[in-house]
Structures are given as C-alpha cells and as structure tokens.
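Report on one structure; see the data block that follows.
The values are calculated or read from the model by the stated rules, or taken from the named source; none is laboratory data. Since the model is a prediction, treat every value here as computed from it, not as a measurement. Here Cβ is always computed from backbone atoms with ideal geometry, including for glycine, and neighbour counts include all displayed protein chains. Accessible surface is based on the protein model in full, side chains and every heavy atom, while ligands, DNA and RNA are left aside. Shrake-Rupley method; radii C 1.70, N 1.55, O 1.52, S 1.80 Å.
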Amino acid sequence: MRPKKLNYILSSISSLKGVGPKLEQIINKLGIYKNIHFLWNIPNNILERKFYENIHDAEINSLVTLNLKIIKHEPSRFKRQPYKIKCICGDTNIDLIYFNARHPMMRQMLPTNENKLISGKLEYFRNTFQITHPNNVTDLKNNKIIKSKEAIYSLTNGLNQKIMNKLTHQILNNLPNFNEWIETKILNKYRFKPWSEAVINLHNPSDDNIKNKNLLRRRLAFDELLSHQLAIGIMRNFNQKKKGLKITSGNKIINKFYNNLEFKLTNSQNNVIKEIINDLESSNQMIRLLQGDVGSGKTIVALISMIKVFESNLQSALMVPTTILAFQHYENILNLLKNSKINVIILTGRDKGRERKDKLDKIENGHADIIIGTHALIQDSVIFKNLGLAVIDEQHRFGVYQRMVFNHKNHKPNILVMSATPIPRTLTLAAYGDMKESKLVEKPLGRKPIITSSLSLKKENQLIERIKAKIINSMSKFYWVCPLIEESEELDLKAAEERYKILKKYFKEKVLLMHGRLSELEKEQIMSKFKNEDYKILVSTTVIEVGVDIPSATTIIIEHAERFGLAQLHQLRGRVGRNDIQSYCILLHKENIGEIAKKRIEIMKQTDDGFEIAEEDLKIRGPGEILGKKQSGSPSFYVADLSFDNDLLEDAKIMVENILEKNPKLENIQGENLRNLLYLQERDAAILTLTAG
C-alpha cells in the first residue's frame with residue numbers, strides 16, 4: 001500500500017491550484033502528467049534581473065526591477081489600443097503598457113499615488129522608457145517575492161515561465177520528508193545533498209546552486225538509476241523463483257510450417273529459434289530480448305515461437321506501437337498461416353461496440369489463438385483464457401516496465417521483447433538487466449546491401465530528373481522523408497507540405513503526403529494507396545520510421561540528413577531493401593555541414609550493420625541522447641544521462657546487488673525507504689512484483 005504522504009506528489013497535475021482542463025492539456029505536451037514530473041523538469045537556463053534605484057543606470061532591453069510611483073491610468077478606447085499607465089521612477093517618466101487589459105483589475109492592481117515594485121523588460125519607445133506586460137508587480141514590503149534570479153524551463157505553446165515557476169514552487173512548498181535511501185559511503189563519495197534539498201536547490205537558482213548544479217542533478221540521477229536497477233533486480237528474482245508456463249516438446253505443427261515456407265531461414269534465425277524453444281520448454285518463465293537489425297526477419301522468429309505455444313493449447317499476443325504496424329503484421333501472419341487451423345485476430349483502439357465485444361469474448365474463451373494489437377492488449381477489459389507468450393515489438397516505443405503488465409494478466413506468460421533499434425552492449429545491460437539476449441546478425445537470404453550515397457541540396461533538380469527516368473523505366477516507388485525541425489510537429493509538417501507541392505509540379509497525381517497530424521485510419525489509407533495503387537512517391541515526415549514494409553519501395557531520399565541522428569537515419573533506411581531488388585538510400589544535405597554531420601553521413605555510406613552503427617552513434621553522441629525521451633532507445637531517464645553518469649550506474653548496480661542479497665523483500669526501515677524511492681520513480685510495477693513474490 002502506497003504511503004499517504006506520497007499521494008500529493010504523485011497526483012495528477014489537475015490537483016494543483018490554477019490548473020484547469022485546458023492548461024492541463026498544454027502542460028501534458030511537455031511530458032508532465034503528475035506533480036512529481038515538475039521536479040524532474042530541470043531548468044535549462046537562468047533569468048537574471050537587477051534592481052535599480054536610478055533608471056538611467058539600467059540597460060535598455062535588460063530585465064529590471066524598479067520602484068515606480070503610479071501617476072495616471074489611460075485606458076484603451078478601442079480594441080487594439082494599449083492600456084497605458086503613467087508612472088515615475090525617481091524623477092523620470094516611464095509607462096507601463098498592457099494589451100487586452102481589464103480596467104477595474106488594472107486600477108485595483110496599480111492604484112494611483114502608490115509605489116509598487118515592478119519587474120520586466122525595460123524598453124525605450126518614442127523618447128519614453130516603458131515596460132510592456134510586467135512579469136511581476138508587488139508592494140514595497142514584499143520585495144523578497146521578486147527574485148533576482150529565476151529558473152527558465154522548456155515551454156510549449158500556451159505556456160509561460162511565470163506559470164511554470166508558480167506551479168513548480170507550489171509543489172516544492174509541499175514536498176514530503178523522506179528518510180535517506182542511499183548508503184552513507186555513496187553519499188560521501190559523491191558529496192550528495194539530501195533528496196529534498198537537492199530538488200529545492202535545483203529549482204531555485206542562486207550563485208551556490210548554479211555552481212553546484214551538476215552535483216545536485218547527479219544526486220537525482222543516482223536515485224533514478226538506483227530505482228531502475230532495483231526494479232530490474234526485483235523482477236529478476238521473481239522470474240527465477242517462480243515457475244513459468246511449461247510448453248510441451250511436440251513440434252508437429254512447426255515442422256509442417258517449415259516445410260511450407262517459400263524461403264530458407266538464415267543460420268542466425270535458426271540459432272535464435274533454438275534458444276527460444278529451449279526457454280519455452282524449460283520450467284522457468286522466458287524473458288528474452290531479441291535484437292535484430294531492420295529487415296533481419298524477427299517476425300518469422302516470433303511467429304514460430306507462437307506456433308510452438310499453440311501446440312500446447314495456449315494463446316500468444318503480439319503487441320506493436322501503431323495500428324498500421326498491427327495490420328501489417330496481421331496480414332503477413334494470416335498469409336503465412338493460411339494452411340493452418342490457427343485463429344488469428346487483431347485488436348486495436350479502433351474496435352468499438354459489438355465488434356470489440358466479440359473479439360474480447362474470443363480472447364477470453366480461447367477461440368483466438370494469436371492476438372495481434374496495439375497497447376489496447378494491456379487494457380483491463382482484455383482477459384486472456386490462457387496466455388502462454390507475449391511478444392512485444394519495437395520495445396523502445398513502450399518503455400521497459402509496460403511488459404510487466406502481462407505478468408499480472410495471466411500466470412507468468414513467456415515474454416519475448418523485440419527491438420529493431422540495436423542497442424550498444426553497455427546500454428543493453430542498463431536497460432534490460434533482467435533479460436536473456438538473442439541477436440539476429442544476418443539479413444534474409446537474397447537481400448542485397450542498400451547502396452547509400454550523399455548529395456548536396458544544390459543538386460536537387462538533377463535528382464528529380466533521375467527519379468523521372470527511373471519511374472518511366474521501372475515499377476520502383478520512392479519515399480521522400482522531410483527534415484526534423486526543432487522537435488516541432490507543426491514545422492515538420494510545413495516542410496513536408498512544401499516538398500509535396502514541389503514534387504506535385506513534376507509528378508502530378510503520382511505523389512502522396514503523410515504526416516503525424518493525420519489519424520491512424522488516414523495514415524493506413526495513404527499507406528494502402530501507396531502500396532496497392534499507381535502512386536510513385538510518398539512524401540512523409542518521420543512517421544514512416546517504424547516497421548512500414550512495402551517491398552516495391554526501393555529508394556528512400558532523406559532530406560536534410562544532417563539534422564538526423566545515426567540511429568534514426570538507419571531506421572529510415574530500413575524502409576527499403578525489403579526484397580531481392582537492389583535498393584538505394586540518398587542522403588540530401590545542405591552545402592556546408594558540421595564535422596559530426598559529415599561523420600554520420602560517412603558511417604551511413606560505409607556500413608548497413610545496425611549494431612556497428614549503434615556503437616558509432618554512442619561514440620558520437622553519448623548515451624544520453626540515445627536513451628533519452630526524444631530519441632527512441634530505452635530506458636527513458638528523466639534526469640540520468642549515461643554519457644556523464646556511467647560511474648553512478650556502476651555504483652547503483654553494486655548497491656542493488658548487496659541490498660537484494662541481504663534484504664530481497666525490502667523489509668525493515670531500509671526496505672521502507674527504498675520502497676518510497678520506487679514509488680517516487682513510478683516503479684509501482686516492481687512493488688507489485690515484490691508483493692506477488
């Protein structure tokens with residue numbers, strides 16, 4: 001049972017004073033859903049404002065705090081006219097300017113003949129000093145309210161720094177007290193402050209705190225890494241101690257399936273299938289990570305695993321991140337199983353009413369053998385009759401802990417996690433420390449390496465002429481991926497729309513456009529048209545990055561390739577080369593690019609080995625970006641950055657090993673403190689596992 005003192009900090013942000021439904025939705029865009037997420041949202045800069053007795057000592061366009069006497073209100077007479085308040089600072093005139101102001105409110109906040117402390121950006125307009133929309137107005141006796149240094153946070157449309165600071169401080173003022181969960185020797189080694197002190201100081205910039213910012217951040221990073229390793233350790237103990245569902249050793253249906261296959265499996269696939277079958281036939285629960293490069297044939301390995309489970313009269317679930325990918329797997333698997341009696345169904349968020357109820361009934365009464373779907377599969381309404389295997393595709397899109405939900409859906413089904421994003425070995429240990437690992441290191445037989453080249457955007461017209469010629473002489477289709485622009489979906493869409501208009505001039509009705517603003521159904525319809533009709537070019541933002549499989553698409557052009565990370569370039573390149581026809585990747589870049597961008601492009605031209613690319617990516621960027629929220633890898637740490645905090649990870653691992661050896665159930669005072677940490681870091685699933693064990 002979660003301690004009551006944690007309720008406030010783990011509540012939804014809707015519980016905060018001043019947060020209504022509209023503001024809640026805006027703040028959610030920053031990944032802030034609970035009060036505690038404000039604490040992990042560390043300031044990225046500091047705003048400094050100085051107090052001036054004499055306005056002439058201040059710099060124009062700087063942030064200032066001034067003692068002003070209110071002289072006269074000049075309300076706006078029509079809509080676009082500003083509300084002006086005449087003031088004096090010493091003996092110098094200055095105006096306060098407001099737009100769309102309410103007259104009674106202004107007079108109440110700034111009464112005439114009174115002095116106020118006003119803070120804002122000092123401007124000089126038409127021979128008069130002015131401050132437009134001051135960000136702080138307070139009485140002289142409350143001079144401590146206006147801070148000389150203030151935290152600057154990342155924002156999104158509809159949000160300002162004043163709101164972010166106000167809400168963050170509302171939470172900081174209500175922090176619960178905790179006993180320390182970090183061992184004394186580690187606290188001393190890194191000179192860590194207590195948890196609440198570190199949190200408060202990080203969000204309250206002062207000269208000392210600025211100097212010690214990284215020390216304070218690393219305290220919170222250690223907490224995050226400690227909770228992560230502790231959760232993994234608890235899961236590992238649970239899996240080793242409890243027996244799983246044993247799958248029988250019969251292979252009749254698998255052998256029949258092998259005989260009907262129209263292609264030969266690679267040695268790598270055969271080896272991985274053996275590893276999985278050995279796991280399934282053992283009495284322990286299988287929890288295995290299957291890493292395979294794009295196009296390495298992970299799906300067929302997963303399908304054979306699911307057929308093995310079917311032979312023991314148990315169900316399998318395949319969970320994927322998008323509806324498009326779910327339908328793609330559904331069609332492929334139906335085709336591969338056309339000569340069998342295995343019942344395959346698909347369940348996504350699009351299923352409603354009677355159709356959804358029918359599917360849920362089939363799952364519950366065991367009439368569905370393989371269930372393919374999105375995260376809809378882990379909703380409470382989905383009850384499996386006898387789930388024997390859960391396959392989770394594109395693991396990084398779900399997060400490390402979502403797979404644990406399947407443990408509470410059924411009696412410990414076997415779990416196979418698949419990732420097409422190769423992860424360097426050190427990071428695999430951090431992310432998947434509780435799992436065995438398999439790798440597919442060969443491409444299916446007959447696949448040719450993708451030829452990758454680079455081209456300056458200045459030669460764009462020559463490229464278009466080459467595409468024209470190829471379209472006339474072959475059945476080839478083309479992806480044209482538009483650039484990432486400052487993590488902004490709106491700007492990404494604008495770039496894609498502009499490219500679409502340009503290509504429409506040359507290729508008329510042969511061009512389609514796809515982007516993230518479209519619904520899942522609209523995306524599916526566009527992909528279906530591109531695959532099955534006479535369209536030749538699909539202009540897209542990076543929404544095609546995951547899993548899209550159209551064999552007739554043989555060339556991908558990635559515009560402004562210098563803006564992408566190596567891992568993402570490699571993922572995008574994997575959209576082509578899906579058959580035995582020679583495929584191409586063209587990296588379009590601006591004329592003058594930086595050294596790192598040049599290095600990325602050269603690596604892409606030299607190799608198409610995803611594991612090699614992952615290691616190079618690690619060297620170039622550091623793990624923080626690879627494993628962070630914006631990049632796809634896993635785990636998604638809020639504060640920890642493994643490019644700087646590898647030493648913390650090592651110490652966290654050692655501390656966890658010692659704890660679980662002596663106190664595996666997290667009992668006594670030490671256990672209570674560590675459980676508080678797990679709750680704080682939202683590792684509730686680990687505590688559920690602990691309770692179940």
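What the table shows:
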quantity: Among residues of region 574-601, those that are under 30 Å from Leu445 (Cα atoms), part of a loop (DSSP other than H, G, I, E, B) and open to solvent by 10 Å² or more (accessible area, probe 1.4 Å), counted; calculated: 6
quantity: Looking only at region 30-49, and only at residues there that are among the charged types (D, E, K, R) and modelled with pLDDT under 90, the one that is surrounded by the most Cβ atoms within 10 Å (Cβ to Cβ); calculated: Arg49
quantity: Residue within region 301-310 that is open to solvent by 20 Å² or more (accessible area, probe 1.4 Å) and among the hydroxyl-bearing types (Ser, Thr, Tyr) present; calculated: no
quantity: Spans of helices (runs of 4 or more DSSP H) in region 602-693 with at least 2 residues of a type outside the set (D, E, K, R) and modelled with pLDDT of 75 or more; calculated: 610-621, 642-662, 668-680, 684-692
quantity: Selected residue (criterion: surrounded by the fewest Cβ atoms within 10 Å (Cβ to Cβ)) from residues of region 71-100 that are among the β-branched types (Val, Ile, Thr) and within 14 Å of Pro134 (Cα to Cα); calculated: Ile97
quantity: Top-ranked residue of region 131-144 - restricted to ones that are under 19 Å from Lys69 (Cβ atoms), part of a loop (DSSP other than H, G, I, E, B) and open to solvent by 40 Å² or more (accessible area, probe 1.4 Å), ranked as modelled with the lowest pLDDT; calculated: Asn143
quantity: Residue that is modelled with the lowest pLDDT, among those in region 440-477 that are polar (S, T, N, Q) and surrounded by 15 or more Cβ atoms within 10 Å (Cβ to Cβ); calculated: Ser476
quantity: Meets criteria (in a helix (DSSP H, G or I), free of Cβ contacts under 8 Å to residues at least 60 places away in the same chain, out of contact with any Leu (no Cβ under 7 Å at 6 or more places or on another chain) and among the hydroxyl-bearing types (Ser, Thr, Tyr)) for Tyr506; calculated: yes
quantity: Scan of region 1-29 for residues that are open to solvent by less than 50 Å² (accessible area, probe 1.4 Å) and in contact (Cβ under 8 Å) with a residue 24 or more places away in the chain, ordered by number; calculated: Pro3, Leu6, Ile9, Leu10, Ser11, Ile13, Leu16, Val19, Leu23, Ile26, Ile27
quantity: The lone exception for Gly295 - which of (1) more than 34 Å from the chain's Cα centre (by Cα); (2) in contact (Cβ under 8 Å) with a residue 24 or more places away in the chain it fails; calculated: (1)
quantity: Close pairs from region 249-270: first assigned to a loop (DSSP other than H, G, I, E, B), partner open to solvent by 70 Å² or more (accessible area, probe 1.4 Å), Cβ under 9 Å, at least 6 apart; calculated: Phe263/Leu445; Lys264/Leu445; Leu265/Tyr258; Leu265/Leu445; Thr266/Val441; Thr266/Lys443; Thr266/Leu445
quantity: Selection count, region 343-397, where residues are modelled with pLDDT of 95 or more, under 25 Å from Asn284 (Cα atoms) and open to solvent by 20 Å² or more (accessible area, probe 1.4 Å); calculated: 1
quantity: Conditions (1) under 26 Å from Pro111 (Cβ atoms); (2) in contact (Cβ under 8 Å) with a residue 40 or more places away in the chain; (3) surrounded by 18 or more Cβ atoms within 10 Å (Cβ to Cβ); number of the one not met by Tyr52; calculated: (2)
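Results for (1) part of a strand (DSSP E or B); (2) touching a residue at least 60 places away in the same chain (Cβ under 8 Å); (3) within 30 Å of Lys443 (Cα to Cα), shown as yes or no for each residue.
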residue: Leu220; (1), (2), (3): no, yes, no
residue: Ile276; (1), (2), (3): no, yes, yes
residue: Leu290; (1), (2), (3): yes, yes, yes
residue: Ala302; (1), (2), (3): no, yes, yes
residue: Ser316; (1), (2), (3): yes, yes, yes
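Condition check ((1) at pLDDT 90 or above; (2) open to solvent by 40 Å² or more (accessible area, probe 1.4 Å); (3) not in a loop (DSSP other than H, G, I, E, B)) across all residues:
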position: Ala151; (1), (2), (3): no, no, yes
position: Ser154; (1), (2), (3): no, yes, no
position: Gly158; (1), (2), (3): no, yes, no
position: Leu167; (1), (2), (3): yes, no, yes
position: Lys185; (1), (2), (3): yes, yes, yes
position: Ala198; (1), (2), (3): yes, no, yes
position: Leu226; (1), (2), (3): yes, no, yes
position: Ala231; (1), (2), (3): no, no, yes
